[in-house]
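Have a look at the structure below, then the notes.
The values are calculated or read from the model by the stated rules, or taken from the named source; none is laboratory data. Source: prediction; values computed, not measured. Every residue, glycine among them, receives a Cβ derived from its backbone with ideal geometry; neighbour counts consider all protein chains shown. Each accessible area value is taken on the protein alone, full model and side chains, heavy atoms only, with ligands, DNA and RNA left out. Shrake-Rupley method; radii C 1.70, N 1.55, O 1.52, S 1.80 Å.
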Amino acid sequence: TLSGLAQAKDDPNSIAGNVSGMLVYGKSHPYGEFETEQTVKNVTVADIKNYHSTYWKPNIAYLIFVGDITTNEAMKLATEHFGSWTRGDVPKKQYAEVKQPAKTLIAVVDRPSSVQSVISINSPVNLQPGKPDAIPTSVMGNVLGGGFSSRLNQNLREKYAFTYGAGGGVSTDRLVGSFRASASVRNEKTDSAVGQFLYEFNRIRNEAASDSEVTALKNYMSGGFARSLENAGTVASFALNVARYNLPKDYYRTYLTKLNAVTPANVQAMANKYVPVNNLVITIVGNAKEIAAGLSKYGEVKFFDINGNEVAPPTEKKVDANVTATSVLQKAIEAYGGETAIAAIKDATLIGSVSIMGQAMQYEQKHVMPGGYSAAVKMGPMELMKQSKNGTEYTVAMQGAKQDVGADGKAQLDAKAAMYEERYYLSNTAVKLNLKGIESVDGKDAYDIEIVTPEGASFHAFYDVQTGLKLKDVRQQDGGPMGKLNVITFYKEYKEYNGVKIPVQIVIDLGVMKQDISITEVKINSGLSASEL
């Protein structure tokens, strides 16, 4: 759980979900709470036992059979296996009514490394399962944002190409229902995308949907409902819903009839009742400096951290006039140990482990100066990944299968082969260095240096203003249908070996997963040869 939470802190979708939930429902409401490392660490075995003894009671449990079985047979099995389970009092908690905000709030969570903004739009609505409005509202929600052909997706994806997918709708709930909509959009289109969300919210309220639009959605939903009945688990969940929510016994038997009766007028009526336009919490996780300026026309803009605490707007810190991109990289070399100590390195071997999605593997990195380099990930004797540069030979292989190494890939291997990449960038006059400003990295001020390779590829490296050490770098790679993805490498801890500092805790954030590299052994000048790379 703690490992998952550590990853979630860097996941913009998780951040948006946590912050928007807290702002919509409040910290004291169960839907506004979210797990943190501290709340998880607070849980004891006694807490778990107490929870079990308090809530694990047969009088709030349901036992459902689906299949070739009679009522008498089911009763016999239930009595045999659960007859001795003792009933008991279960506390029924009461929660304050959740109301829609009086006016729209734009909540911005600054994530400077983001090339996309995650937009999450939410508002509570009073709609419980099984209520007469539930079925026509589900049709309305599908028209608005329920699939590829929905209005939101056709607008933000197909018409404007802001995103690879946008959606939304209304959900029922015993405590409080919810209206929601979301998309991930390019930074420069964030305010325009919010405007189109609001345009579609107003349009579905003010313009009746066409007969063909509503009929198509009803047919789609009818087909999905009919197919779902083939699954015994779905039938069981329907039975559970009838019991839990006190629905009419024939609720699902008459579902298709009720669905077929929904008209465009019903859809518009439900939109006016359950699609708010001036009472929204619009949470946006992205690069605040690039997105915040155009948002104030939609509502009051406030800034929050990843835990939902309000913070001051990010300010642009000024760089001293005597600081240049070159001086920042030179300071980094001094922080690593200085040119003399680095030049004394003839070879180096770094041994440790890499954890990917909880799976630990061996990691080994080698340098033979000048210009020899390899890095390999292994699982036992099996080599899963290796990249290397040996003379004029460049290699990248996945499970033994060699991959094409383009010009940009060769440039990256050239830089890595220098052991300290800054030496390569400073010695190569074809590399362009641009000082972009100062950003915050894990609470530390860091110089943002844009590095442009001779091949035209660029990435950003961030150096601690105080120590000079590199804290992270950010590169973009093609994510296919997801568009451009940031690959962020954090350098968490440095240790000194033979007079030079080497990062021993490295986290590579690939967006969909993380690689945690831990270096446990470093050998300097051990006599390693190029043939051993």
Calculated Rg and Dmax of the range 404-533 using C-alpha coordinates, Å: 15.8, 47
Calculated log₁₀ intensity ratio I(q)/I(0) where the Debye formula runs over C-alpha points of the range 178-224, q = 0.24, 0.25 Å⁻¹: -0.93, -0.95
Rg to Rh, two decimals, where the chain supplies the alpha carbon set and Rh follows Kirkwood: 1.05
Nearest-ten-degree value, helix 45-55 long axis tilted from longest Cα axis of the chain: 20 degrees
Gain in span if fully extended, GLU493 to ARG244, counting 0.36 nm per residue against the direct Cα distance: 84.5 nm
Burial order of peptide ranges 259-268, 231-240 (average beta-carbon count within 10 Å, highest first): 259-268, 231-240
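Whenever you get a sec, compute what percent of the accessible area on the range 356-448 sits on carbon and sulfur atoms (1.4 Å probe).
About 49 percent, which is the carbon plus sulfur part of the accessible surface.
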Cβ-based charge dipole, the range 24-157, positive-most Cα from PRO101, VAL45, GLY141: PRO101
Local net charge near SER192, Cβ-Cβ under 14 Å (Lys/Arg +1, Asp/Glu -1): +1
Proximal charge balance of ALA161 [Cβ under 11 Å; K/R count +1, D/E count -1]: +3
Relative contact order %, the range 1-123, counting alpha carbon pairs below 8 Å whose residues are six or more apart: 33 percent
Helix 232-244 vs. the chain, principal-axis angle (Cα, 0 to 90°, nearest 10): 60 degrees
Proximal lysines relative to LYS131, as straight alpha-carbon distance under 29 Å, when same-chain residues fewer than 8 apart are discounted: LYS27, LYS57, LYS92, LYS93, LYS99, LYS103, LYS218, LYS249, LYS258, LYS273
Sequence ranges 178-190, 18-30, 280-292, ranked by mean other-Cβ count within 10 angstrom, highest first: 280-292, 178-190, 18-30
Most to least packed among 498-506, 120-128 [average Cβ atoms within 10 Å]: 120-128, 498-506
0 to 90° range, to nearest 10: angle between helix 211-228 axis and the chain longest Cα axis: 90 degrees
21 Å Cα-Cα reach of LYS289 towards lysines, excluding residues that sit fewer than 8 places from it in its own chain: LYS9, LYS189, LYS297, LYS302, LYS317, LYS318, LYS436, LYS444, LYS472, LYS484
